[in-house]
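Notes follow once the structure below has been shown.
The values are calculated or read from the model by the stated rules, or taken from the named source; none is laboratory data. Remember, it's a predicted structure, so these values are computed and weren't measured experimentally. Quick reminder, even Gly has a Cβ in these numbers, built from the backbone with ideal geometry, and neighbours come from all protein chains shown. Each accessible area value is taken on the protein alone, full model and side chains, heavy atoms only, with ligands, DNA and RNA left out. Shrake-Rupley method; radii C 1.70, N 1.55, O 1.52, S 1.80 Å.
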Amino acid sequence: MVYVMSDLHGCYDAYVKMLKKISFSKEDILYILGDVVDRGPNGMKILLDIARRENVILLRGNHDLQAAILLLNLYRLQDRNCPKELIEAYKGWLSDGGKTTLEEFLILSEEEREVVLSVLRKSLISKEIEVNGKKYLLAHTVPEVDFICDYEEWTEEDYTIGEPDYEEVYFDDIQVITGHTPTVYIDRNFAGKIWMRNHHIAMDCGAVFGYSLGCLCLDTMEEFYEKN
């Protein structure tokens with residue numbers, strides 16, 4: 001079976017319970033559409049778990065990207081000649097949920113630090129897959145539909161901080177699956193639920209904000225939910 005989750009934000013307990021609920025096995029594959037870290041307390045534990053599994057594929061979210069850049073540059077931040085731009089980015093990251101990630105990272109062993117940084121570095125920007133004859137584009141997010149003609153030229157920024165047009169159809173023959181925006185902000189009736197419309201599936205159910213972690217099986221289109 002092929003499963004999709006998104007925006008775990010350190011909700012390790014919900015992640016583990018979800019894997020048990022779907023009876024996740026070595027024959028299955030799970031795509032996580034970014035933002036594993038920040039805000040919640042256990043992003044590092046999730047990354048270490050991902051590192052142990054060959055069938056869990058991480059796609060990069062904006063929080064993952066920011067964390068990777070700044071954790072790799074911790075030594076530079078301690079230098080009095082550190083570029084002002086890097087310092088400002090560091091402060092912004094801490095205020096936007098990065099503090100929990102930094103605290104957890106600092107208590108890891110050197111070996112564990114290398115493992116989580118490797119997972120973040122190897123994360124994908126996007127992934128096209130086909131399940132039961134249906135095509136899907138997986139990414140943390142996508143840009144506005146106005147940029148659709150330049151699909152092949154979308155950048156890493158488009159896939160990490162883009163603002164999707166949820167009421168527009170991007171492709172007639174491909175369904176777009178993203179996270180990034182909690183579904184409660186797309187439609188209040190979908191608070192804590194997976195949103196599907198216009199060939200777009202939105203997976204961020206807002207687990208770190210007290211809602212549920214959502215998981216979708218693309219083989220059956222069955223939805224699963226777990227609280228942290």
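Look at the dipole of the chain built from charges on Cβ: of M221, Y90, L124, the Cα furthest out on the positive end belongs to Y90. Our summary gives the chain a relative contact order of 24 percent, counting only alpha carbon pairs under 8 angstrom and 6 or more residues apart. Label region 1-156 by shape, choosing from rounded, prolate and oblate, from the square roots a ≥ b ≥ c of the eigenvalues of the Cα gyration tensor; if a/c is under 1.5 it is rounded, and otherwise prolate applies when a/b is larger than b/c, oblate when it is not. The shape class here is oblate.
If you place +1 on the Cβ of every Lys and Arg and -1 on the Cβ of every Asp and Glu, how big does the dipole about the Cα centre of region 159-228 come out, in debye to the nearest 20?
Details: 4 positive and 12 negative charges, 80 e Å.
Magnitude of the dipole: close to 380 debye.
Return the aspartates and glutamates within reach of K99: Cα separation strictly under 18 angstrom, same-chain partners fewer than 8 residues apart disregarded; answer none if there are no such residues. Partners within reach: D7, D35, D38, D64, E88.
To the nearest 0.05, how large is the calculated FRET efficiency for T155 and M1 if R₀ is 22 Å and r is the Cβ-Cβ distance? My answer for the efficiency is 0.10. Dividing the helix sum by the residues of the chain, where each DSSP H run of 4 or more adds -39500 (n - 2.57), gives a mean residue ellipticity at 222 nm of -9000 deg cm²/dmol.
Counting only heavy atoms of the protein chains and using a 1.4 Å probe, S25 has close to 40 Å² of accessible surface. Here the chain has 47 percent of its accessible surface on carbon and sulfur atoms, given a 1.4 Å probe and all protein chains in place.
Taking 7 Å steps out from each Cα toward its Cβ at I129 and N73 produces label points 3.2 nm apart. Length gained on full extension, E167 to D28, computed as 0.36 nm times the residue gap minus the Cα-Cα distance: 46.9 nm.
A full extension of the chain between D187 and N81 corresponds to an added length of 33.5 nm, given 0.36 nm per residue minus the alpha carbon distance. Positive contributions from Lys and Arg (+1) and negative ones from Asp and Glu (-1), summed over other residues with Cβ under 11 Å from the Cβ of Q66, come out at -3.
Surface analysis of region 114-228 yields an accessible area of 50 Å² per residue, using protein heavy atoms and a 1.4 Å probe.
Per residue, the accessible area of region 1-45 comes to 35 Å² when a 1.4 Å probe rolls over the protein heavy atoms.
Among the DSSP beta bridges whose two residues both lie in region 1-144, what percent are antiparallel, rounded to the nearest 5?
Values: 6 of 14 bridges.
So the antiparallel bridges amount to about 45 percent of the total.
Using a ≥ b ≥ c from the Cα gyration tensor of region 167-228 (square roots of the eigenvalues), is it rounded, prolate or oblate, where a/c under 1.5 gives rounded and otherwise the larger of a/b and b/c decides, a/b for prolate? Because a/c hits 1.5 or more and a/b fails to exceed b/c, region 167-228 counts as oblate.
Is there a pair in K21/K193; K84/K127; K17/K45; K45/K122; K21/K45 whose C-alpha atoms are over 24 Å apart, and which pairs would that be? Table pairs above 24 Å Cα-Cα are K84/K127. Ligands, DNA and RNA aside, F209 has an accessible area near 110 Å² when probed at 1.4 Å. Here each label is just a point 7 Å from Cα along the line to Cβ, and for M221 and E114 those points are 4.7 nm apart.
Where does each of M44, M1 land when they are ordered by accessible area, with a 1.4 Å probe and the largest first? Each step should come with its number before you reach the end.
On the way: M44 0, M1 95 Å².
Ranked from most to least accessible, the order is M1, M44.
When the Cα positions of I57, L106, L72 are compared along the charge dipole of region 41-111, L72 comes out farthest toward the positive end, with charges on each C-beta of Lys, Arg, Asp and Glu.
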